[in-house]
Structures are given as C-alpha cells and as structure tokens.
Amino acid sequence: MPKLLILSTGGALVIRRALGSRDEQSLTLRPDLAVTVEEFANLPGSHLTPQQVFALAQRILAVREGYDGIVVASGSDTLEETAYLLDLLLPDGPPLTITSLPRLNASGAFASNGLSAAISVATTPSAANLGALVVVDDTIYPAQSLQTQFSQGVGMFTAAGGALGRVEGDHVCFRYRPLNRQHIAAPRLVEPVDLIRVGQGADDRQLRHSIADNVAGIVIETLGSGRVPPWWLPTIGEAIRQRIPVVAVSRAGVGGLGDEFGFVGAYHDLRKLGVIFAHDLSGIKARLKLMAALAVARSPAELRTLFR
C-alpha cells in the first residue's frame, strides 16, 4: 500500500475532516493509501515566514524517503511563495504537491477542497523529480511560474507558461514537464532582503532606508523591462558600493529584462552599475531566491551566476 504524508501548515483537523476522519486510521477518501497527517504548524498563510518554510523543507528532506509522496497543505495568501521556496530548496525526489487548505463555508460544508487532486498527483510515480507541483482547481502548475491573479476563490492561481496538466477524476494527465528548474542547496536563508516596487514618480526614500539599515540584499521591481526613474540611479549605485546586492525584476511579475532605449535610467544604466537581473521572476520570488543564494555564493560573481 503506498505511503503518503500530508504536512499541514495550519488546520490539520480540517484536513482530517476533509479526508473523512479525525484520525489517520480510518480515512474514507482514499482507503487504498496509508496516510499520515502531520501538523507542521498551525498558522494562516499570512503568518508564515521564509524561515518557517525553510524549516518545512528540512522536515521534508528528513522524512521523504519513507514515503511515496508528500502533500503540503498551506494557506493561499502566501502559497505562491511557499511553493517556490520549497521548489528552490529541495532536490529531485518523490512527488511533492502543494495545495491550499480546505475551506468551510458558513454551513460547515467544504467550499473548496483541492486535497483530493493534490493526493492523486502526489501518488502518481511520473510526478517524481518534477519539483514542487501546485495543485489547485484540479490543475497542476509548476511552482517557479505560479502567479496569484485573483484574491480568492476559483481561478486564484495561474502560470505564465500555462499549466503542466490536470486531474480528471482519478486520472492524472501531464502535458508538459517543468523547464529550467533550479535547486539551491542553501544551508540557511540570509535576511533581511527588502523588496521595493517602483511607481510613477516615486522617490528613493525606501531604498535609502534599506541602505541605512545595512540589509543583506535589495530586490527592485522596476518599470517595464528594467527601467527606473533617473533619480534612483545614484542611490542604487550607493547600495552596490556598500556591497549590498541589488536584484532587478520587472514589476509585471514575469518577463525578460533588457532593451535598447538610450534614455537615463533604462536597462543599460542598471547593468553598468552592477545590478543583477532576475528574468522571469516576480519580486516576491526573487526576494526568496536572493535569501537562498546569499547563503551559498562565495563572491559577487557566483551570486550573479545563480541568477543567470
């Protein structure tokens, strides 16, 4: 009988109820599985921290060889970040799926329960060595390109490159495999890393405060494909002179960086200053990646290579 571990970051009792029992010995949803439900934490998604997700990754590494698959059930508020950080920190291994916690409506019935689909994928052998797979709305997404596009309900998540597949009844159908998945064997996460978004006409006050606080790194969500107001350039240069790594992403959330514009503050100016560019990453993901990369990079050149 296949062995499955469900790790909950909040609401383990709700998960057991969704499975048809309050204990692991009489699960009615999948009686063909030996299921263990473990409460890793009891927190809403908005309360989770990167350090807690790092500890979750360490827990998965410690126990996953004893299971045929693992499901992580977590709050939807930061599911995008939880999934990406797990995908980044964990090497290839047994199937790993991430799904949102089951939700109850006012009458006590389940308004949303993607747990069944996540279990189906986690117990599918072909899902092994694909990294962290997010399963919501019976759809399978790669963690590295998952995006939150809606605040709640059906259609909350999407992926820039499309879905990897779907769960149709008891059948798991993969159409694609994740491309260019990166693993960083970070022994810890380095913090704080600040995330700053550029808005039209915004001043550089937040950036100056980050430098004054001597943060470990800074991620800037730039305009377009790598552009900032010209008055930001001296402060960005100051951060780099202070040996604070500065990573640029597009505030669009996905897409490459680089252009041929010649005006001040465009991509070419950031490149000359020594800014690191994170192509196809949102700001929240680049922030997490920088935390992990800073723990393993022995030089600015190595750090840059990790983002190439």
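Scanning segment 161-197 for residues that are out of contact with any Leu (no Cβ under 9 Å at 6 or more places or on another chain), among the aliphatic types (A, V, I, L, M) and under 20 Å from VAL249 (Cα atoms) yields LEU179, LEU195. The residues of segment 127-166 that are hydrophobic (A, V, I, L, M, F, W, C), modelled with pLDDT of 90 or more and part of a loop (DSSP other than H, G, I, E, B), listed by number, are ALA128, LEU130, ALA163, LEU164. Among the residues of segment 214-237, none is identified as in contact with a Pro (Cβ under 6 Å, 6 or more places away or on another chain) and of a type in the set (Asp, Glu).
Looking across segment 53-73, the residues that are over 23 Å from PHE174 (Cα atoms) and in contact (Cβ under 8 Å) with a residue 60 or more places away in the chain come down to PHE54, GLY66. Exactly one residue out of GLY226, GLY201, GLY217 is under 14 Å from LYS289 (Cβ atoms) and of a type outside the set (Ser, Thr, Tyr), and it is GLY217. Restricting segment 62-77 to residues that are part of a helix (DSSP H, G or I) and in contact with a Pro (Cβ under 9 Å, 6 or more places away or on another chain), the residue that is least open to solvent (accessible area, probe 1.4 Å) is ARG64. Working only within segment 167-187, note down all residues that are in a strand (DSSP E or B) and either closer than 15 Å to ASP87 by Cα or touching a helix residue (DSSP H, G or I) at 6+ places or on another chain (Cβ under 7 Å) (or both). Correct list: VAL167, VAL172, PHE174. The set of residues in segment 167-183 being modelled with pLDDT of 95 or more and crowded, with 17+ Cβ neighbours inside 10 Å consists of VAL167, VAL172.
Residues in segment 165-179 that are within 14 Å of ALA132 (Cα to Cα) and among the basic types (Lys, Arg): ARG177 alone. Does LEU303 fit the bill of being under 22 Å from LEU85 (Cβ atoms), over 18 Å from the mean Cα position of the chain (by Cα) and either in contact (Cβ under 8 Å) with a residue 12 or more places away in the chain or in a loop (DSSP other than H, G, I, E, B) (or both)? So LEU303 fits the description; yes.
Of all the residues in segment 195-206, those that are surrounded by 14 or more Cβ atoms within 10 Å (Cβ to Cβ), among the charged types (D, E, K, R) and without any contact (Cβ under 8 Å) to a residue 60 or more places away in the chain number 1. Within the option set ARG308, ARG298, ARG287, being in a helix (DSSP H, G or I), on the phi < 0 side of the Ramachandran plot and either surrounded by fewer than 18 Cβ atoms within 10 Å (Cβ to Cβ) or of a type in the set (D, E, K, R) (or both) holds for one residue only, ARG287. A count restricted to segment 240-258 and to residues that are outside any loop (DSSP other than H, G, I, E, B) and over 25 Å from the mean Cα position of the chain (by Cα) stands at 2. For segment 207-239, a residue qualifies if it is in a helix (DSSP H, G or I) and crowded, with 17+ Cβ neighbours inside 10 Å, and the qualifying residues are LEU207, SER210, ILE211, TRP232, LEU233, THR235, ILE236, GLY237, ALA239.
The values are calculated or read from the model by the stated rules, or taken from the named source; none is laboratory data. Fair warning: this is a prediction, and the values are worked out from it, not measured in the lab. FYI the Cβ positions are ideal-geometry reconstructions off the backbone, even for glycines, and counts take in every protein chain you see. The area values use the complete protein model at the heavy-atom level, side chains included, leaving out ligands, DNA and RNA. Shrake-Rupley method; radii C 1.70, N 1.55, O 1.52, S 1.80 Å.
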